[in-house]
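Below is one structure, written out as structure tokens; comments come after it.
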Amino acid sequence: QQEQEKSEPKLNYYCSNMTQGCMKVEDEKEKIQQHEVSCEYQNMRCFNGCTWQGPLKKLSTHVRA
């Protein structure tokens with residue numbers, strides 16, 4: 001009788017910006033880290049020197065205002 005190989009359960013890696021609304025989930029840590037670099041929910045500060053900060057996806061709207 002052959003013993004069945006026990007496969008390790010796959011882990012899910014959630015975007016660190018999940019609390020800001022990102023729903024991205026990957027099964028590899030490297031993939032989620034790559035996503036987080038350009039995640040539209042990451043917190044950004046305005047590059048014009050004002051005090052605004054918020055998600056990347058709202059930065060362009062702020063800059064145009």
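The values are calculated or read from the model by the stated rules, or taken from the named source; none is laboratory data. Note that the structure is predicted; figures quoted are calculated from it, not measured. Please note: Cβ atoms are built from the backbone with ideal geometry, for glycine as well, and neighbour counts cover all protein chains shown. We work out accessible area using only protein heavy atoms, side chains counted, and drop any ligands, DNA or RNA first. Shrake-Rupley method; radii C 1.70, N 1.55, O 1.52, S 1.80 Å.
What part of the accessible area of the chain, given as a whole %, is carbon or sulfur when the probe is 1.4 angstrom?
Exposed carbon and sulfur together represent 47 percent of the surface.
Would any residue of the range 22-51 have its amide N under 19 Å from a label point 7 Å out along Cα→Cβ of Glu8? List them or say none.
Backbone N within reach: 26-33.
How much length is gained if the chain between Glu30 and Met18 is pulled fully straight, taking 0.36 nm per residue apart and subtracting their Cα-Cα distance, in nm to one decimal?
Value of the extension gain: 2.6 nm.
If you bin the C-alpha pair distances of the chain every 5 Å from 0, what whole percents do you get?
Computed distribution, short to long bins: 4, 16, 20, 14, 12, 10, 7, 5, 4, 3, 2, 2, 1, 1, 0.
Calculate, for the chain, the solvent-accessible area per residue in square angstrom, rolling a 1.4 angstrom probe over the heavy atoms of the protein chains.
Counting only protein heavy atoms, the per-residue value for the chain is 91 Å².
Please report, in debye to the nearest 20, how large the charge dipole of the chain is about its Cα centre when each Lys and Arg carries +1 at its beta carbon and each Asp and Glu carries -1 there.
620
If you plug each phi of the range 41-58 into the Karplus form 6.51 cos²θ - 1.76 cosθ + 1.60 with θ = phi - 60°, what whole-Hz ³J(HN,Hα) values come out, in order, with x for Gly and Pro?
Residue by residue, the range 41-58 yields 9, 5, 6, 10, 10, 5, 7, 8, x, 7, 8, 4, 8, x, x, 3, 5, 9 Hz.
What percent does the relative contact order of the chain come to when contacts are Cα pairs within less than 8 Å and at least six residues apart?
22
How large is the helix-only mean residue ellipticity at 222 nm for the chain, computed as the sum of -39500 (n - 2.57) over DSSP H runs with n ≥ 4, divided by its residue count, in deg cm²/dmol to the nearest 500?
About -8000 deg cm²/dmol.
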